[in-house]
Amino acid sequence: MTFQATIESVRQHQVPEWYHDAKLGIFIHWGLYSVPGWAPLGDDPFVVIRERGFAHFVRHNPYAEWYQNTLQYEDSPTRRYHQKTFGSDFSYYDFVSAFKEASASWNPAAWAGLFKKAGAQYVVLTTKHHDGFTLWPTQHPNPFHESYFSERDLVGELTEAVRAVDMRMGLYYSGGIDWTYNLPRVESMSDFMDFVPQSGEYIAYANSQIRELIDRYQPSVLWNDVAYPADANVAELMAYYYNCVTDGVINDRFRQRRPPKRWLKPLLKLFLPLLMKRAAPDQVLLGGQVHYDFHIAEYAAFDSTKPFKWECCRGLGSSFGYNRQDTAETTPTARELLHSFVDIVSKNGNLLIDVGPMADGT
């Protein structure tokens, strides 16, 4: 069928059989943050948020891909590591040349072969994370930073290699956070809810890049992160995708939220920490949902079988991006990972297990 640019139309889309059957996917977080490749070691991120609070979490963020944000805290372990290793005058954007040089030696076929050997049926690559750097030579470049993209088409080369060994290729895009457009220092969950860039300029930019990814690579999974601007026509974007990729799937993070009213912020700061002791942050932020094919449970699973399709995404350690501090002791054992996989699949879920490569693709 041909989908129309309405919520009612895109909601008629059915989850294709290939995704129900896939069970295991490989997530890849690779970008500028892979150059420093460092974050404080920590426990399950959402357990830390519940037990020690969001303010503690953002200063000691175990997600290495959040390096740029954590760097803003003068008292953070990340700031201390950065100054000691690179110097106080070395900015996050100075990692661009190092990443481009390192990734020149990367072999996409080696990745695809390894993922196939692991038994995966699909792969999802981060094409643009929260720092705004793109892993493809986009025709819609960042307006604030010159040459802020990979001249080598890392997205295209991996897509070709993955399909060559009969796996599906999915693409991640951070539509809800782009620090080149909006770089405040997030100190609370209510601040986080305020973070999505809402300008017409950003909507046009994100829409153009997502359409470019669809046109160039025809991804089997369109995996947006966090949220999407409130005034964007998400139904139109979804219809465009479904009409281009008839058996594609979309995750549940195209939620659309407006920033909280100023008078509401003190109440949010008071009550959100209480809510998060009862539910994952992802559940607290679920307002503004438009349509999705599958639900995301990040570092989480369900206690019972669900009637809807869902996907658990998690890193091998407590980070998605490469963290040079990780060891065998900070990652699950093969037995633990297999038990988790069986549990997730038995409850109508897929496991999207993340690997965080070093800057050279190792």
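The values are calculated or read from the model by the stated rules, or taken from the named source; none is laboratory data. Treat the numbers as computed from the prediction; the structure is a model and nothing was measured. No Cβ is skipped: glycine too gets one built from the backbone with ideal geometry, and neighbour counts run over all protein chains shown. Ligands, DNA and RNA are stripped out before the accessible areas are found, and what is left, the full protein with its side chains, is counted by its heavy atoms. Shrake-Rupley method; radii C 1.70, N 1.55, O 1.52, S 1.80 Å.
Take the chain, connect every pair of alpha-carbon atoms lying under 10 Å apart with a spring to form a Gaussian network, then pick out the residue of K306, K347, K116 with the largest mean-square fluctuation.
Highest fluctuation of the listed residues: K306.
Any idea what the relative contact order of the range 1-132 is, in percent, if you count C-alpha pairs under 8 Å spaced at least 6 apart?
Across the range 1-132, relative contact order equals 37 percent.
Quick check for you: with a 1.4 Å probe and neighbouring chains kept, what is the accessible area per residue of the chain, in Å²?
42
Are there chymotrypsin sites (Phe, Trp or Tyr not before Pro) in the range 108-150 that DSSP marks as loop and that have at most 15 other Cβ atoms within 10 Å, and which are they?
Details: sites: W111, F115, Y122, F133, F144, Y148, F149; in loops: F133, F144, Y148.
Counting only loop positions with at most 15 other Cβ atoms within 10 Å, the chymotrypsin sites (Phe, Trp or Tyr not before Pro) in the range 108-150 are F144.
Could you tell me the relative contact order of the chain? Use alpha-carbon pairs under 8 Å, at least six residues apart, and round to a whole percent.
With pairs under 8 Å counted, the relative contact order is 26 percent.
Going through the range 45-103, which GluC sites (Glu not before Pro) have at most 12 other Cβ atoms within 10 Å and a DSSP loop state?
Here the sparse-neighbourhood loop sites are E74.
Given K309/K347; K117/K306; K84/K128, which pairs have Cα atoms separated by over 19 Å?
K117/K306; K84/K128
Can you give me the distance in nm between label points at F302 and T330, each placed 7 Å from the Cα along the Cα-to-Cβ direction?
In this crude label model, F302 to T330 measures out at 3.2 nm.
What number, rounded to the nearest 500 deg cm²/dmol, is the helix-based mean residue ellipticity at 222 nm of the chain, given -39500 (n - 2.57) per DSSP H run of at least four residues and division by all its residues?
Estimated from H runs of four or more residues: -10000 deg cm²/dmol.
Rank these residues by their accessible area, most exposed first, probe 1.4 Å: C313, C244.
Descending order: C244, C313.
Grab the beta carbon distance between D75 and R216, set R0 = 45 Å, and tell me the FRET efficiency rounded to 0.05.
Working: r = 43 Å, r/R0 = 0.95.
About 0.55, to the nearest 0.05.
Rounded to the nearest 10 Å², what accessible area does L316 have for a 1.4 Å probe in the complete protein model?
70
Among G248, G349, G156, determine the one that fluctuates most according to a GNM of the chain built with springs between C-alpha atoms less than 10 Å apart.
In this elastic network of the chain, the residue with the biggest mean-square fluctuation among G248, G349, G156 is G156.
Between A109 and H56, what length comes free when the chain is fully extended (0.36 nm per residue of separation minus the Cα-Cα distance, one decimal in nm)?
Difference between extended and current length: 15.1 nm.
In debye to the nearest 20, how big a dipole does the chain give about its Cα centre with +1 on each Lys and Arg Cβ and -1 on each Asp and Glu Cβ?
Value, rounded to 20: 880 debye.
Just in the range 107-197: which GluC sites (Glu not before Pro) are loop by DSSP and have at most 16 other Cβ atoms within 10 Å?
Answer by residue number: E146, E151, E187.
Picking from R314, R335, R258, which is most flexible by a Gaussian network model of the chain using Cα springs under 10 Å?
Comparing R314, R335, R258 in a Gaussian network model of the chain, the most mobile one is R335.
What number do you get for the chain when its Cα radius of gyration is normalised by 2.2 N^0.38 Å, N = residues?
So the Cα radius of gyration is 0.94 times the expected 2.2 N^0.38 Å.
For D354, what residues show an amide H to amide H distance below 5 Å, using hydrogens built from the backbone and excluding near sequence neighbours?
F27, R314, G315, L316
In the full protein assembly as shown, how much of F95 is accessible to a 1.4 Å probe, in Å² to the nearest 10?
So the heavy atoms of F95 present about 0 Å² to solvent.
Starting from the Cα of S88, move 7 Å in the Cα-to-Cβ direction to define the label point; list residues of the range 20-50 whose amide nitrogen is under 20 Å from there.
Within reach of a label on S88: no residues.
State the percentage of accessible surface on the chain attributable to carbon and sulfur atoms; use a 1.4 Å probe and exclude ligands, DNA and RNA.
It is 53 percent, rounded to a whole number.
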